[in-house]
Amino acid sequence: MLDRTILSSVAEQMMTGREITVEGRKARVSRTGSQRLRTVRFLMGGREYQAIEQNPEKPSRWGKLAREGRRVVQVRDLASQKYVAAVVDGKVTEYSR
């Protein structure tokens, strides 16, 4: 079960600052290679996750929202390499397992 409050907070902190704080731990926000999208790795409930800013050039519904100027962040579980949630303007949508 994902903590929606933490995911929403991570997405907001990532899009507005250079670092995030989760459960007392700080993590630095970096940029991906060519697209220069924001990304950050963080621990939540003993598991490591990665939050990635949505690429607005993607044809998906998430890409469309990003093109409209919404703040869209995808969240990936690094152990399984699966995307587990999306955060749009602070609202968390969990993907079915």
Every listed condition ((1) surrounded by fewer than 11 Cβ atoms within 10 Å (Cβ to Cβ); (2) farther than 12 Å from Gly90 by Cα) holds for Thr5 save (2)
Can you tell me how many residues within the range 8-25 are surrounded by 14 or more Cβ atoms within 10 Å (Cβ to Cβ), more than 16 Å from Arg71 (Cβ to Cβ) and out of contact with any Phe, Trp or Tyr (no Cβ under 7 Å at 6 or more places or on another chain)? 0
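Counting residues that are farther than 12 Å from Val87 by Cβ and of a type in the set (Ser, Thr, Tyr), which strands (runs of 3 or more DSSP E) fully inside the range 2-75 reach at least 1? Reasoning before the result, please.
On the way: elements: 19-22, 25-28, 38-44, 47-53.
Because the criterion is at least 1 residues that are farther than 12 Å from Val87 by Cβ and of a type in the set (Ser, Thr, Tyr), the strands (runs of 3 or more DSSP E) in the range 2-75 that meet it are 19-22, 38-44.
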Identify, please: which residue in the range 45-94 is in contact (Cβ under 8 Å) with a residue 24 or more places away in the chain, closer than 17 Å to Ile6 by Cα and more than 14 Å from the chain's Cα centre (by Cα) and is, among those, surrounded by the fewest Cβ atoms within 10 Å (Cβ to Cβ)? Gly45
When the range 74-97 is checked residue by residue, the ones that are out of contact with any Leu (no Cβ under 8 Å at 6 or more places or on another chain), under 11 Å from Ile52 (Cα atoms) and of a type outside the set (Phe, Trp, Tyr) are Gln74, Arg76, Ala86
Tally, over the range 26-44, of residues that are open to solvent by 80 Å² or more (accessible area, probe 1.4 Å) and either touching a residue at least 40 places away in the same chain (Cβ under 8 Å) or in contact with an Asp or Glu (Cβ under 7 Å, 6 or more places away or on another chain) (or both): 3
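The values are calculated or read from the model by the stated rules, or taken from the named source; none is laboratory data. Not measured: the values here are computed from a predicted model. Neighbour counts run over all protein chains shown; Cβ positions are idealised from the backbone, glycine included. Surface areas here come from the heavy atoms of the whole protein model, side chains and all, with no ligands, DNA or RNA. Shrake-Rupley method; radii C 1.70, N 1.55, O 1.52, S 1.80 Å.
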